[in-house]
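Student: Take this structure, written in structure tokens, and hold onto it; I'll ask about it next.
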Amino acid sequence: MAASSSEIQRKRLFYGICLALIPTGSSFALVSNILVQLKQQFILTNYQVGLIAGAALWGMAISLLVLGPALEGFGLKNGARMAFAGHLVGITLMISAVTQVGNPSAFWILMLGAATLAVGNGMIEVAGNPLVAALYPEEKTTRLNYFHAFFPIGIVAGGIAGFLLANYGGSFGNWPFQLGIIYIPILIYGYMVLPQKFPKTENAEAGLPVREMFRFTLTSPLFLLILICMGIAISLELGPMRWIPAVLQNAGMHGILVLVWTSGWMVVLRLLAHHFVDRLSPTGMLTVGSVFLFTGLFLLSFVTGLWTALGAATLFAWGVAFNFPTIVGLVSERLPRTGSLGIVLTAGVGLGAAGAIGVPLMGKIADTYLARALPAEQTESVLRQVDERFPAYIAEVERVGAETAGYRAADIQQALDATRTALAEQQRTGSVQNDATANALRAISAAPLPTEPLVGEAASIVAPAELSGGQRSFRYIAWSAIVLFLVWGMMYLHDRRRGGYRAERLEHRRETVPRADAPIA
């Protein structure tokens, strides 16, 4: 049951739900930071790690699209409880995959954990966006930008922690320890939010019948157009942000620092959102942002050093900073009769498109161009030498033991199996430029043989190819930003002709659902 305004601690509830976005941002940064480790330890393709990374997004969409429409039934507080449970269980499942190295089930445990974690992330969106709108009905877009500033804050915090652990933490730099950091903000927001009393959703407070909310939402052409744009916009935001660390790492850069830089800009811009709302209006902000988005993505596909990467990432950050909260705010302000359903569907379609299409598509494009970038003659030579020499390492460890040899037979066997799979594929197709070869090179470069020159040679072949494939994926998806520019630009010009942007308010229907108390002060 919703509490009266006098029982609600508005500030604590608002800041608590803001803090609940930190696990979402931290998990985004840290999962991005460990993609290379996952590829090497579990011998996965870019497409497979793209599916894991994508699961952390489409799992959010499940929350938003399946559970979100039922929000009026189970209420905001139960939504926050489900988020807390999803966060705890998801992180624990992902970390447990470390016990299944070498077992194909490890991939599915990682997938399930990432999806469960994402359900928790999604439930924060399900509960948080309508909660913010209910707490601050007069300044939705501004407050939603403040709320969503805590997503990049989480990325910055998680990214810096992941960087420090990976580079200076010794054994604590292993991916399970990096993910374990996320337990900290989960427990903090649970303490701040779960004991609190929650208000009604805005449409319940206004007396908007649920049937009318569904009818209007699902039949509004403008809402459906915004949904399409949301899917494109969030795919162009979260897809590249998921891949930036992994791609730029192959150029010898600390890609996670570029992601932190990008997220830092997003924090600053979202916290200053009220200035842009006043001067540009939401549709103007989205129009200008689409120009920066295209430019930043296109330039990221050509960067060769840290400074050029930071420059391109800055333009990219300016392009994506306002997308998510401003589009959600646009729906709530221009189409208030869509109620909480409009908010959760908008967020759900955006995250679902990013997770199910954007991130895996970038991985698929990267795999395609990675394979083409492999030098055929040198690659085949490395594979054949590994096939000849690595069995001796296995025999050695079986003779003297793992402790004396300094490595496990299973680690070498993984590389050898992947190599023989690649050679079989080469014999079948007549080419080494394929996914099996890329997997073999990753496995060889991860082999714990510091004195074996083939390990370094394999890494020197696959790293430039990984970079080439990843950057091509940035370039190819950048053109979708042109669609956003056209749609937001037309809406902005339409607003100008009408005398400027106008937010609409729901009229209260006392005879349908009586209000128990006055609005929250």
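Every number here is computed from the coordinates shown, using simple stated rules; none is lab data. Since the structure is predicted, the reported quantities are computational estimates derived from the model, not experimental observations. Every residue, glycine as well, gets a Cβ built from its backbone with ideal geometry; the counts of neighbours run over all protein chains shown.
Student: Give me the percent of Cα-Cα pairs in the chain that sit more than 46 Å apart, rounded to a whole number.
Tutor: More than 46 Å apart: 17 percent of the Cα pairs in the chain.
Student: Under 24 Å from the Cα of Lys39, which lysines turn up, not counting those fewer than eight places away in the same chain?
Tutor: Within reach: Lys364.
Student: Which of Leu19, Leu335, Gly319 sits farthest toward the positive end of the charge dipole of the chain, with +1 on the Cβ of Lys and Arg and -1 on the Cβ of Asp and Glu?
Tutor: Leu335
Student: If I take R0 = 35 Å and measure r between the Cβ atoms of Gln100 and His274 in this structure, what FRET efficiency does the formula 1/(1 + (r/R0)^6) give, to the nearest 0.05?
Tutor: Calculated transfer efficiency: 0.10.
Student: Additional query: Using the beta-carbon distance between Arg408 and Phe172 and R0 = 22 Å, what value does 1/(1 + (r/R0)^6) give for FRET efficiency, to the nearest 0.05?
Tutor: 0.55
Student: I've got another one for you. Which semi-axis lengths, in whole Å and largest first, follow from the square roots of five times the eigenvalues of the Cα gyration tensor of region 65-113?
Tutor: Ellipsoid half-lengths, sorted descending, are 31, 11, 4 Å.
Student: Got a sec? Charge dipole of the chain, +1 on Cβ for Lys and Arg, -1 for Asp and Glu; which of Ile91, Tyr407, Phe294 is way out at the positive end?
Tutor: The residue sitting farthest along the positive end of the dipole is Phe294.
Student: So if I take the alpha carbon set of region 108-232, get Rg, then get Rh from the Kirkwood formula, what is the Rg over Rh ratio?
Tutor: Checking Rg against Rh, the ratio lands at 1.06.
Student: Calculate one ³J(HN,Hα) per residue across region 320-334 by plugging θ = phi - 60° into the Karplus curve 6.51 cos²θ - 1.76 cosθ + 1.60, and present them in order as whole Hz with x for glycine and proline.
Tutor: Running phi through 6.51 cos²θ - 1.76 cosθ + 1.60 with θ = phi - 60° gives 9, 3, 9, 3, 4, x, 6, 5, 4, x, 4, 4, 5, 8, 8 Hz.
Student: Region 76-151: D in µm²/s via Stokes-Einstein (Kirkwood Rh, Cα pairs, 37 °C, 0.692 mPa s)?
Tutor: 239 µm²/s
Student: Taking the square root of 5 times each eigenvalue of the Cα gyration tensor, what semi-axes in Å does the equivalent ellipsoid of region 183-230 have, largest first?
Tutor: Equivalent-ellipsoid dimensions as semi-axes: 33, 19, 6 Å.
Student: Cross-link candidates for Lys200: which lysines have Cα within less than 20 Å, leaving aside residues fewer than 8 places away along the same chain?
Tutor: Counting by Cα, and skipping residues close in sequence, Lys200 has these lysines nearby: Lys11, Lys77, Lys140.
Student: Mind pulling the per residue volume of the convex hull built on the Cα atoms of region 168-326? Å³ is fine.
Tutor: For region 168-326, the hull spanned by Cα atoms encloses 177 Å³ per residue.
Student: What is the calculated FRET efficiency for Ala459 to Ile184, with r their C-beta to C-beta distance and R₀ = 41 Å, to the nearest 0.05?
Tutor: Computed FRET efficiency for Ala459 and Ile184 comes out at 0.75.
Student: Right, something else. Quick one: go through region 129-172 and flag any residue whose amide nitrogen is under 16 Å from the point 7 Å out along the Cα-to-Cβ line of Gln40.
Tutor: Label zone hits: 163-172.
Student: Could you work out the relative contact order of the chain? I mean the mean sequence separation of Cα pairs under 8 Å and 6+ apart, divided by the number of residues, in percent.
Tutor: 23 percent
Student: Looking at the chain, identify the longest residue range that excludes and avoids all GluC sites (Glu not before Pro) in DSSP loops having at most 10 other Cβ atoms within 10 Å.
Tutor: 139-506
Student: Treat the count of other C-beta atoms within 10 Å as a stand-in for reagent exposure and order Asp417, Asp278 from fewest to most.
Tutor: Result, fewest neighbours first: Asp278, Asp417.
Student: Separate question: Starting from the Cα of Arg12, step 7 Å along the direction of its Cβ; do the same at Leu222; then give the gap between the two resulting points in nm.
Tutor: In this crude spin-label approximation the distance works out to 3.9 nm.
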